[in-house]
Each structure stands twice: as structure tokens, then as C-alpha cells.
Amino acid sequence: MDPEAEAARLRAAAAAGKPGAYRAYAELLTGLGRLDEALPWWARAADAGDADASRTLAICHKDRGEFADAERWYRTAADRDGGCAFGLARLLQEAGDTAGAERWYEHGAALGSVECKTNGAVLLAARGAWDTALERLAEASAEGDDVAAHSRRAIQDMLRDLDGWRAALARAEAEGDPEEAYEALRELLDPERKAMFERYPRMVAEAEALYARAAAVGGAKALVDQALFIARDDGRWAEARALVERAHERGYDGAAYVLGVWAEENGELRAAEEWYRTADAADGGHMWACFNLGVLCVRQRRLEEAERWLRATGVDGVDRFGGVDGDRVGGVDGVGEEDGPNPFDEGEERIVAALRDIAAIRADPERMPPPEWEERLPGLRARAEEGGPDAWFAYADALDRLHRLPEAAEWYRKAGTPRALLALGRMLYEGGGAKGLRMVPYYEPAAAEGDAGAAYDIGRIHDESGDRRTAQIWFRRAADLGHGRAAWWLGWTSEERGGDPQHAERWYVRAARSGLVPPAFLAGRSMVRRGACAEAEPLLRAACEGEHEEAPYWLAEALRGLGRVEEAERWLRVAAQAYPDLLHQYGEMARLALRDPR
């Protein structure tokens, strides 16, 4: 049956209030990509008691980043429908309300939702209620849930490994051997186990307790690994640092390296350099401390020092390889290994790449500190010494441009204004090696004052860290403040992840208003697909002017839809001539249009 005829029939039935017609009409509109029109009919079905409609509404709003609406619709049926209880629990869990999630998983399981039973059991395991969790996972597995079966095996394997680590540590304790105690726990830092600790936080506490016992035997390296587990909790940062400092006092050179990495990730550039130098001063030096010092100096355009530190790594054959950028090596995983990762496998190419980057900087005046700012510096310094926040910001900005990052950071902090803190956060994150999530507090004051770029950057940081929910919230704020790229991200997310072309189109249009070419094309293409060719034309012309590869073809389609066949033919030929891949991409449709654009 013709979709439009079926839509008309179902609309009439829904308007007449026939049972089931609300949902049937909503399903048809949703399938046609007309979600805006479908939502009111889903709401009528939900108001009539259809729990599936409530769940569908919640999912649609969640995909659009409208989390309050999503929660409201889940709650309309969660007390009587396991699917809505599951969706509500997931929503609360993603928002950080673990206790609320646990309650609704429990309620959904009582309603017969095996998914609720499985996820609730995993939450129980996350806080260490192993026996109850395994019992419920066994029940869910018997009901046919493969996820439950997999989770149960993973937890059993994990507990078996935990018993093995305890036994090996007990033997080392009995012998009073610190090296054996450390070796007994080496597998805990295996990168493949990272997901285990993220999913089951109780295992963090178990690992911490084991490392505390190993440290009590006299192993300084175990103190560092204990600190790594503690540092997963931002609220225990001072405690973690104190443990590593104790390991340093006991003579473990790897501790100074870890303190250097942590300081760099926190934007404490002077402290980072001091700790890296301390690590290198230990017996035999520390290869990764030398490398990180070299990269730190490159960022600050202290190129002669950088080259010395990179060559001081002691890696043979550093003139033979290259090809990647000079990012800091490896973070702090595996710091208990005496020699770090294998130098040839992990370091040589990166060291050479950093050396080649130094050569590239020297050869490119645009990458060297601008001399005119060096000339302005004394005057800006004099004004800063006599002035207030504006003068301090101006001096910090000049230091920033000259890559004198530690000094710039001090003056940005002294200025303390939202603008200064934003500049500080960006400098440390984008050019100083700091971790983005640690820098977010510097961005927040400017975002609170309505700075769209600051809000967008916070969204980007959370997106890069894998936190889609928080990213979506911040991108929405940025887009509402007029940020084009934030609107573009929201449109792409709606279309690619949520299958919501109408919502995506609105965001693309808003993004296009900022002058961005790709969302102008995406909005225009969406309009052509739904037959709004007149609306599409100006957007697609803007995309053509911006030399978007696919825009000429879709402009031709819009013109054909408007009956302007001669113009359409000209644009089709422009597309085929300028972008030969067009015919391959659009296949027979484009070839037929070229032969007869009518």
C-alpha cells in the first residue's frame, strides 16, 4: 500500500480515537522518519496506558538529549512495565544515581524483566555482593539471558584470580620477600584488566588492600601501584600522592616519574619538570622521564634542551626512525616495571619523531615564538606589575604566545577572571600536556557567563573521554549560545546514532547559520529528501560555494524538484566534471539524471 495513503487512513482512525490507532499511526510516522509528527501520537497512546509507547517516547527524548522528558515518560509506566523500569534504571545509572538504578532494576526484575535482573546483579557485584550477584545471574542465565551467563563467568574468573593473588601474596609475606610480594600482584596492572576495575569498583578496593599488604612487606613499588588504584577516586588524590612520595623517600626512582606525570596531567608544569629531573637523576636515569622532559621542553620551545633530553634517553639508533608525533609516552600504567616498556618496541620511533618535530619547528617561522611579542614583553611586564586583572591577563597572554607556559600559568591564575581561567585551561590542555577532564573547572566560569566556545570545549572534552551524556548536555548549551560546531555535533548525533532526521535537520540549519559548510550541505540534503526543495536551495548553494563535494548533485536534485531542469542539468555536469567519483557514488540515479535531467 502507498505509505501516504496508509498514513491518511491511520490518521483518520487515530483522530476518531479507535483502539490501537494511536500507536499504529505513530509507528508508521516513525518509520517514515517523521518523528516530530509521531511524538504527539505516541503521547496519546502512552496516556491511554500503552507502556510500549511510554518507553518509545522516553527513548526518543533520550536520544535527543532531553533527559528530563525521557525520565518523565519512563516513570509513567515503570511501576508496571519491566521494560520502562529497565530504561529508567539505565537512565539513572548513567546520571550517576546508582542507588536509584539499583531500586528500579530490583523492581523491574520483580515484574519479570530478565534484563533488570542481570543489570541489577552486576550492580550488586560492583559493590562486592558477590554471592547474591552470582545467584541472580545464574537465574537470569537459566532464563536465557546470554549477557547474564557471560557476566557470571567473568565474575567467577575474577574471584578465582583474586584468590590466586591472595595466596601468592601470603607466601611472599611468610618469606618476608618484598620483590616476590610485588611480583605476586603484577597481573593486576595488566591493561586487559582495566575494564574489570571500571565495571566492578569493589575490585579497586580489593586490589588496593593487596598492594597495601605488599607494601607492608617493604616494597616501595607496591606503594606506587596502591596509589594508582586510589587515584581512580578524585576525592583521594592527596592520599594517592602521599603514597607515591613515600615510595620516593624509600628510594624508588619510578615514583618521581609518576609524580611528574601526575603533575603534568594536573597542569603543574614546574612541579612536573622538577620531578622528571629527579627521576632522571636516579641511578642509571629514567628513560621515560627523559622523554617527557624532552617533550615538555618542545612545548615550551626550549629546543636545545629538548634535544639533549631526548638524546639522553639512551635509546640506540634514534636517527633511523620517525613518523609519529611527540606525545608523552605511556602514562603511568606499568610503572612498577624497573625498566619501563621495551625501549625499542615502545619508545624509539616516538623519540625520533620528537627530534624530527624539533627540526620542523626550527624550519617553520610560524611555529616559533613571534619576535614582535618578545619586543612587547618588557612593557607588558611593567604594566602588569602596576596594574590589575586586565594587565595581568595581557602579560599572561604574551607569555602564552611565546610558549613560556609556566610563567603564563602563574599570571593567568593571578588574573583569576573567567576569561583568564579559560585561557589557562586551554593553554594547559591544548599545549601543556594536561588532561582535559582535570582542566574542565577552568572552563566552567566562562561557560557560566555565556561563553559558547567554553561550553563547546567542555562538551568536546567529555566526548573524547567517552561520556556521551555529559557531552550532549554541554553541546546543547553551546548550541543554544550560538556555537555552530556544537549544533553540528547534535545534528550528527541525532541522525547517525538516533535515526532522527527531523531533529538533526534543525540542528544542521542552526549550524549552517554560523557559516559552516558541511552542515549546510547536510541540512539541504535532508530537505531535498523530504521534498522541501525551495528551503534546500539556498543551503545547497552555500555548500557549493564552500566547495562541498556532494553539494552540486543535491542542488541539481533540488532544482529538478522545483521544475528548473536546465539549471539542474548544468549543476549535474558541474558535479560530474569536478567530482568524478559522483557517478560511482550515486550510480544509476546520477547517470540517468545526466542523460535526461527531466
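Couple of notes before you dig in:
- Looking across the range 22-49, the residues that are open to solvent by less than 60 Å² (accessible area, probe 1.4 Å) and either over 23 Å from G499 (Cα atoms) or not in a helix (DSSP H, G or I) (or both) come down to G33, R34, G49.
- Residues in the range 458-472 that are under 18 Å from A504 (Cβ atoms) and either modelled with pLDDT of 95 or more or open to solvent by less than 60 Å² (accessible area, probe 1.4 Å) (or both): G459, D463, A471, Q472.
- Test: residue in the range 448-459 that is among the acidic types (D, E), under 17 Å from the mean Cα position of the chain (by Cα) and within 27 Å of G416 (Cβ to Cβ): yes
- Any chance G128 is under 30 Å from G218 (Cα atoms) and outside any helix (DSSP H, G or I): yes
- Per-region count, the range 349-389, residues acidic (D, E), touching a residue at least 24 places away in the same chain (Cβ under 8 Å) and either exposed (fewer than 14 other Cβ atoms within 10 Å of the Cβ) or closer than 25 Å to G416 by Cα (or both): 1
- Every test in (1) outside any helix (DSSP H, G or I); (2) at pLDDT 95 or above is passed by P369 save one, and that test is (2).
- Scope the range 139-175; condition more than 30 Å from R213 (Cβ to Cβ), under 34 Å from the mean Cα position of the chain (by Cα) and not hydroxyl-bearing (S, T, Y); matching residues: A140, G144, D145, D146, V147, A148, A149, H150
- For L399, the requirement of being of a type in the set (A, V, I, L, M, F, W, C), surrounded by 14 or more Cβ atoms within 10 Å (Cβ to Cβ) and modelled with pLDDT of 95 or more is met.
- The single condition from (1) farther than 30 Å from T132 by Cβ; (2) in contact (Cβ under 8 Å) with a residue 60 or more places away in the chain; (3) not polar (S, T, N, Q) that A46 fails is (2).
- Condition check for A5: over 23 Å from G87 (Cβ atoms), part of a helix (DSSP H, G or I) and more than 33 Å from the chain's Cα centre (by Cα): yes
- Hey, R438 part of a helix (DSSP H, G or I), in contact (Cβ under 8 Å) with a residue 40 or more places away in the chain and either on the phi > 0 side of the Ramachandran plot or open to solvent by 60 Å² or more (accessible area, probe 1.4 Å) (or both) or not: yes
- First in the range 76-95 and part of a helix (DSSP H, G or I), second anywhere and crowded, with 21+ Cβ neighbours inside 10 Å and among the hydroxyl-bearing types (S, T, Y), Cβ under 6 Å, 6 or more apart: G82/S113; C84/S54; C84/Y74; F86/S113; G87/Y74; L88/Y74; A89/Y105
- The C-beta contact set for the range 519-540 (first residue open to solvent by 40 Å² or more (accessible area, probe 1.4 Å), second residue in a loop (DSSP other than H, G, I, E, B), distance under 7 angstrom, 6+ apart or interchain) comprises A534/L562.
- All conditions in (1) surrounded by 17 or more Cβ atoms within 10 Å (Cβ to Cβ); (2) at pLDDT below 80; (3) closer than 26 Å to A181 by Cα hold for G284, with the sole exception of (1).
- Of the residues screened, G459 is not one that is in a loop (DSSP other than H, G, I, E, B) and without any contact (Cβ under 8 Å) to a residue 60 or more places away in the chain.
- If you go through the range 542-581 and keep only what is open to solvent by 70 Å² or more (accessible area, probe 1.4 Å) and not in a loop (DSSP other than H, G, I, E, B), you end up with E545, R560, E566, R570, R573, Q577, D581.
- Meets criteria (out of contact with any Leu (no Cβ under 7 Å at 6 or more places or on another chain), touching a residue at least 24 places away in the same chain (Cβ under 8 Å) and within 17 Å of G314 (Cβ to Cβ)) for A281: no
- For the range 8-21, a residue qualifies if it is free of Cβ contacts under 8 Å to residues at least 24 places away in the same chain and assigned to a helix (DSSP H, G or I), and the qualifying residues are A8, R9, L10, R11, A12, A13, A15, A21.
- Boolean, E208 is surrounded by fewer than 16 Cβ atoms within 10 Å (Cβ to Cβ) and in contact (Cβ under 8 Å) with a residue 12 or more places away in the chain: no
The values are calculated or read from the model by the stated rules, or taken from the named source; none is laboratory data. This is a predicted model, so every value here is computed, not measured. Cβ atoms come from the backbone with ideal geometry, glycine included; neighbour counts cover every protein chain shown. Side chains are part of the model used for accessible areas, which takes the heavy atoms of the whole protein and leaves out ligands, DNA and RNA. Shrake-Rupley method; radii C 1.70, N 1.55, O 1.52, S 1.80 Å.
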